[in-house]
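Novice: Quick one: structure below, then a few questions.
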Amino acid sequence: MLKIILLAVLCALAPAYAQTFPSRTVRIVIPFPPGGTSDILARTLAAKLTEEWGQQVIAENRPGAAGNIASEYVAKQRGDPHVLLINTVGTHAINPAIYPSLPFDPVKDFTLITNLVNLPSLLIVHPSVPAANAQELIALAKARPGALQYSSAGSGSQPHLTAEIFRTMAGVELLHVPYKGAGPQLLALISGEVALTFATAPAAVPLVKNKQARAIAVTTAERVPALPDVPTLNEAALPGYVAVGWNGLVAPAAIPEPALQKIHAAVAKIYRMPDMRERLVSLAAEPAICSPEEFTALIKSELVKWAKAVKDSGAKLE
């Protein structure tokens, strides 16, 4: 009887909740340091949502453990729609295969709102590296086994695994240098601390256009409009190589349905805005808004896909 009464109260309150949410500052938690794709997406979205709702929305970096610290934090805010998370293929598909145990379930402990963008990665090198294309880079790596260093956003991160798949398929030895996030990962590349890296396109394209790095190849099956002259690894050197990431938006589990609907509607509206779509396309990010049900299906399929990729590549935490 008590459950029936509580359910009736919640149903009665639902319309009011939809009208009052957000009732305080909304935080979009970023699982990595400033400077990477998740950071770019979160800050852009926060500014747009602030305008849409007339309530402050801020972006907050909580880096560490390849995104697990932020994911665990948000998972613990059960039922609170004022705490959102930019999730990634790393946090919600790769990490469960890399880490022996996680303090959260990537599906059950979150309200999966929507995918935001699909993300090609770029294989980029420091301008001093004497390789103009993928075949020359592979030949250089074979001539200098273990001498070429590559940076990643951390052991077990998407850039790490993407590079490990490349290393395995190319049959080369590379030295992995993990950093705490995409920002430090890219800084290591442009400063010359490492020779190469795999970075998601929104973070890497500006470096290429500013000539701080040279693009060798993209990881998608097709070339990207933002860099039409840059070939895919699949066509340039490694047939069958495809590695595409994504960034989505999630909340803690059990948030009120009206709040979920309001968040989804606002984000979908923002991603239809011409200026938003133009900015994303210029960064080689493909807008990919979907329903919560479609996003749930995507993550479940990605968990299977990347578990196999991790096993096949032999990638492990270092």
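The values are calculated or read from the model by the stated rules, or taken from the named source; none is laboratory data. For clarity, every value in this text was computed on a predicted model and none was experimentally measured. Backbone-built Cβ (ideal geometry, glycine too); neighbour counts: all protein chains shown. Ligands, DNA and RNA are stripped out before the accessible areas are found, and what is left, the full protein with its side chains, is counted by its heavy atoms. Shrake-Rupley method; radii C 1.70, N 1.55, O 1.52, S 1.80 Å.
Novice: Does D80 satisfy being among the acidic types (D, E), under 26 Å from S155 (Cβ atoms) and at pLDDT 95 or above?
Specialist: The answer is no for D80.
Novice: Considering each of V242, V224, V194, V230 in turn, give the residue that is over 26 Å from S71 (Cα atoms), of a type in the set (A, V, I, L, M), part of a loop (DSSP other than H, G, I, E, B) and in contact with a Lys or Arg (Cβ under 8 Å, 6 or more places away or on another chain). Let's see the steps before the verdict.
Specialist: Values: V242 fails: in contact with a Lys or Arg (Cβ under 8 Å, 6 or more places away or on another chain); V224 fails: in contact with a Lys or Arg (Cβ under 8 Å, 6 or more places away or on another chain); V194 fails: in contact with a Lys or Arg (Cβ under 8 Å, 6 or more places away or on another chain).
That would be V230, the only listed residue that is over 26 Å from S71 (Cα atoms), of a type in the set (A, V, I, L, M), part of a loop (DSSP other than H, G, I, E, B) and in contact with a Lys or Arg (Cβ under 8 Å, 6 or more places away or on another chain).
Novice: State yes or no: is L123 part of a strand (DSSP E or B), touching a residue at least 24 places away in the same chain (Cβ under 8 Å) and out of contact with any helix residue (DSSP H, G or I) (no Cβ under 6 Å at 6 or more places or on another chain)? Step through it out loud before you land on a result.
Specialist: Values: part of a strand (DSSP E or B): yes; touching a residue at least 24 places away in the same chain (Cβ under 8 Å): yes; out of contact with any helix residue (DSSP H, G or I) (no Cβ under 6 Å at 6 or more places or on another chain): yes.
Spelling it out, L123 is indeed part of a strand (DSSP E or B), touching a residue at least 24 places away in the same chain (Cβ under 8 Å) and out of contact with any helix residue (DSSP H, G or I) (no Cβ under 6 Å at 6 or more places or on another chain).
Novice: Follow-up question, since we're still on this one. So S71 ticks every box in (1) touching a residue at least 60 places away in the same chain (Cβ under 8 Å); (2) within 16 Å of the chain's Cα centre (by Cα); (3) farther than 27 Å from G240 by Cα but one. Which box is left unticked?
Specialist: (1)
Novice: How many residues are over 18 Å from the mean Cα position of the chain (by Cα) and surrounded by fewer than 21 Cβ atoms within 10 Å (Cβ to Cβ) if we restrict to the stretch 239-249? Give the steps one after another, and end with the answer.
Specialist: Filtering the stretch 239-249 for residues over 18 Å from the mean Cα position of the chain (by Cα) gives 239-241.
After this cut, where a residue has to be surrounded by fewer than 21 Cβ atoms within 10 Å (Cβ to Cβ) as well, the list is 239-240.
Matching residues across the stretch 239-249 total 2.
Novice: Within the stretch 54-94, track down each residue that is open to solvent by 40 Å² or more (accessible area, probe 1.4 Å), assigned to a helix (DSSP H, G or I) and of a type outside the set (D, E).
Specialist: A65, I69, Y73
Novice: Please enumerate the residues belonging to the stretch 181-208 that are over 21 Å from L148 (Cα atoms), crowded, with 16+ Cβ neighbours inside 10 Å and not hydrophobic (A, V, I, L, M, F, W, C).
Specialist: Listed by number, the list holds a single entry, P202.
Novice: Looking at the stretch 170-180, which of its residues are part of a loop (DSSP other than H, G, I, E, B), closer than 18 Å to V310 by Cα and open to solvent by 30 Å² or more (accessible area, probe 1.4 Å)?
Specialist: G171, E173
Novice: Just need a number here: residues in the stretch 22-53 that are in contact (Cβ under 8 Å) with a residue 24 or more places away in the chain, small (G, A, S) and not in a loop (DSSP other than H, G, I, E, B).
Specialist: The total comes to 2.
Novice: Another question, then. Would you mind stating whether K211 is out of contact with any His (no Cβ under 9 Å at 6 or more places or on another chain), assigned to a helix (DSSP H, G or I), more than 26 Å from L303 (Cβ to Cβ) and open to solvent by 60 Å² or more (accessible area, probe 1.4 Å)?
Specialist: Against the criterion (out of contact with any His (no Cβ under 9 Å at 6 or more places or on another chain), assigned to a helix (DSSP H, G or I), more than 26 Å from L303 (Cβ to Cβ) and open to solvent by 60 Å² or more (accessible area, probe 1.4 Å)), K211 does not qualify.
Novice: Can you report the number of residues in the stretch 214-228 which are open to solvent by 50 Å² or more (accessible area, probe 1.4 Å) and among the aliphatic types (A, V, I, L, M)?
Specialist: Looking only at the stretch 214-228, we keep the residues that are open to solvent by 50 Å² or more (accessible area, probe 1.4 Å), and these are 214, 221-223, 225, 228.
Now restrict to residues that are among the aliphatic types (A, V, I, L, M): 221.
Summing the residues that are open to solvent by 50 Å² or more (accessible area, probe 1.4 Å) and among the aliphatic types (A, V, I, L, M) in the stretch 214-228 gives 1.
Novice: Same structure, new question: Name the single residue, out of those in the stretch 130-163 being more than 30 Å from P63 (Cα to Cα) and either among the charged types (D, E, K, R) or not in a helix (DSSP H, G or I) (or both), that is nearest to the chain's Cα centre (by Cα).
Specialist: Of everything passing the filter in the stretch 130-163, N133 is nearest to the chain's Cα centre (by Cα).
Novice: So, in the stretch 148-169, of the ones that are over 21 Å from A93 (Cα atoms) and at pLDDT 95 or above, which residue ends up surrounded by the fewest Cβ atoms within 10 Å (Cβ to Cβ)?
Specialist: Of everything passing the filter in the stretch 148-169, Q149 is surrounded by the fewest Cβ atoms within 10 Å (Cβ to Cβ).
Novice: Condition (residue is open to solvent by less than 20 Å² (accessible area, probe 1.4 Å), in a strand (DSSP E or B) and of a type in the set (G, A, S)) applied to the stretch 258-279: is it met by at least one residue?
Specialist: No, the conditions are met nowhere in the stretch 258-279.
Novice: A297 is checked against (1) surrounded by 14 or more Cβ atoms within 10 Å (Cβ to Cβ); (2) under 16 Å from K108 (Cα atoms) and fails just one. What number does that condition carry?
Specialist: (1)
Novice: To continue, here is another question. List the residue pairs whose Cβ atoms are under 6 Å apart, where the first residue sits in the stretch 139-164 and is without any contact (Cβ under 8 Å) to a residue 12 or more places away in the chain and farther than 11 Å from Q185 by Cβ, the second is assigned to a loop (DSSP other than H, G, I, E, B) and open to solvent by less than 10 Å² (accessible area, probe 1.4 Å), and the two are 6 or more positions apart or on different chains.
Specialist: L140/A131
Novice: Just checking, how many residues over the stretch 38-89 are under 25 Å from K305 (Cα atoms) and among the hydrophobic types (A, V, I, L, M, F, W, C)?
Specialist: Here the count works out to 10.
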